[in-house]
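For reference, the structure discussed in these notes is given below.
Every read-out reported here was derived from the displayed coordinates using simple, explicitly stated rules and does not represent laboratory data. Computed from a prediction, not measured in an experiment: that's the story for all the values here. Cβ atoms come from the backbone with ideal geometry, glycine included; neighbour counts cover every protein chain shown.
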């Protein structure tokens, strides 16, 4: 029997703010466990929360970037459940009156499998704002809880069940991540828990309208894991249905090493959470003037920036797509070009050399040891024949390792520009020592010139400019 796949995603995005959502504790990662806490985020008796205006603004901005309807009136609610990582034994969230209502995002391009996806519209059910919970770490026979994350502002972006394949889910997550980064809403670093995803997937006989049992998949720490988990559980569900079995609404975990899902618990319903309005927080009325102010802050989308890069800088669409996939990379590229680097050469160096070094060092481009200005100086030096392309690669590696500027690295590597008079001497020596290739070039064999240029480069220890060497060789051969 063939089945239709139905997929919906619940994406949690930590909002980038200076402080937590209801208190003044810093909103940052990497601190010693349980050092960024206070009576408010720990839920001590007698304390009162105060909403973070910036968290509300960025949630509305996220909604506008996803074409959502922005609520004129919104409120917070208490969601009751009992986990050790939630100090209050309830979560302050939103239920029936979220900040952002119906919206959509457009997906297209290449999926995880490398296949071209047709354009599709994925509906957004809601985007609501809530507080994050602490982080549990398991140490075999016991567990530890770090409450530094408790109270960090967290958006939940709930999609419609509009996706029909793991590739579509992957593309949707990619577009959503780009939007959040471009809006300055979140860095979306999954390793730091800034973006987390729960997947709902069900199967139904092909052509039927009634949905099958909804299976929720958790513990997905990368977009690749989302894709793999979906493929695995779709296969598992199909096998059960093919065997005449029945599926039940449940929550399953994902084991990335085994490549398989496993049972966690029966899935809760909304009634289990006993939602009711948060009594310690007033409802929010979204002022129209403030909403218009936020509308004016909606940034250039990745798609528009990609098109602009092609038109403004004359680079291929492929280059523009790679450079604009992440906003920090796009920002770095524009800064490099603004500092004087030729557009296409800057694109090549960033996409090939810089991306390789950053990947190997596991460093984001925002922390690159080579600044955009320094890279522009390097590329400009190649263009002006101050250094050769071969020298530039050695210089680049040293700049990345040390963080030093171009001139400092050139001095350390003893790189000195070879002037034309020295190149001419090397050219005459190369012609004299290799009469056969010299004669062959005169007879029209272009490949012989490459050999002679190589001899000049060898004699200059790679310091001669290849273009200058070629031109001077042609001049000298014309005299003989």
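Details
- Neighbour-count order for 230, 211, fewest beta carbons within 10 angstrom listed first: 211, 230
- Fully extended contour minus Cα-Cα distance, from residue 160 to residue 50, at 0.36 nm per residue: 36.4 nm
- Angle of helix 53-65 to the longest C-alpha principal axis of the chain, folded into 0 to 90 degrees and rounded to 10: 70°.
- At the listed q of 0.10, 0.11, 0.12 Å⁻¹, the Debye profile of segment 302-412, built from one uniform point per Cα, gives log10 I(q)/I(0) equal to -0.26, -0.32, -0.38.
- The modelled label-to-label distance between residue 331 and residue 135, using points 7 Å beyond Cα along the C-beta direction, is 2.2 nm.
- Listing 138, 12, 128 from fewest to most neighbouring C-beta atoms within 10 Å gives 138, 12, 128.
- For a label point 7 Å along the Cα-to-beta-carbon line of residue 247, residues of segment 1-21 with backbone N under 13 Å: 2-8
- Modelled spin labels at residue 295 and residue 110, positioned 7 Å past Cα toward Cβ, are 3.8 nm from each other.
- Computed over the Cα atoms of segment 199-354, pair by distinct pair, the Kirkwood hydrodynamic radius stands at 20.8 angstrom.
- Acute angle (nearest 10 degrees) that the helix 327-338 long axis makes with the longest principal axis of the chain, alpha-carbon atoms: 30 degrees
- In percent, rounded to a whole number, the relative contact order of segment 420-479 is 43, using alpha-carbon pairs under 8 Å and six or more apart.
- Once the Cα-Cα distance is subtracted from the 0.36 nm per residue extended length, the residue 443 to residue 304 segment shows a gain of 44.8 nm.
- Legend: calculated FRET efficiency, residue 83 to residue 393, from the Cβ-Cβ distance at R0 = 41 Å, rounded to 0.05, equals 0.20.
- Sequence of 42, 155 once ranked by neighbouring C-beta atoms within 10 Å, starting from the fewest: 42, 155
- At the listed q of 0.08 Å⁻¹, the Debye profile of the chain, built from one uniform point per Cα, gives log10 I(q)/I(0) equal to -0.64.
- Each of residue 359 and residue 267 was given a label point 7 Å from its Cα along the Cα-to-Cβ line. The distance between the two points is 3.6 nm.
- Here the sum of -39500 (n - 2.57) over DSSP H runs of 4 or more residues, divided by the residues of the chain, equals -12000 deg cm²/dmol at 222 nm, to the nearest 500.
- Relative contact order of the chain, defined on C-alpha pairs under 8 angstrom at six or more residues apart (%): 14 percent
- log10 of Debye I(q)/I(0), alpha-carbon scatterers only, for segment 1-159 at 0.19, 0.20 Å⁻¹: -1.15, -1.22
- Relative to the globular-protein estimate of 2.2 N^0.38 Å, the Cα radius of gyration of segment 420-479 stands at 0.96.
- The Cα center of segment 367-442 and the Cα center of segment 136-190 differ in position by 46 Å.
- Length gained on full extension, residue 209 to residue 280, computed as 0.36 nm times the residue gap minus the Cα-Cα distance: 21.3 nm.
- Distance-filtered residues of segment 186-203 - backbone nitrogen under 17 Å, label point 7 angstrom along residue 256 Cα→Cβ: 188-199
- Using alpha-carbon coordinates, inclination of helix 166-182 to the longest axis of the chain, degrees: 80 degrees
- When the convex hull of its Cα atoms is projected in every direction, mean area for segment 1-93 (nm²): 10.0 nm²
- The fraction of all Cα pairs in segment 347-480 landing in successive 5 Å bins from 0 to the largest distance is 2, 10, 19, 17, 13, 12, 10, 8, 6, 3, 1, 0, given as whole percents.
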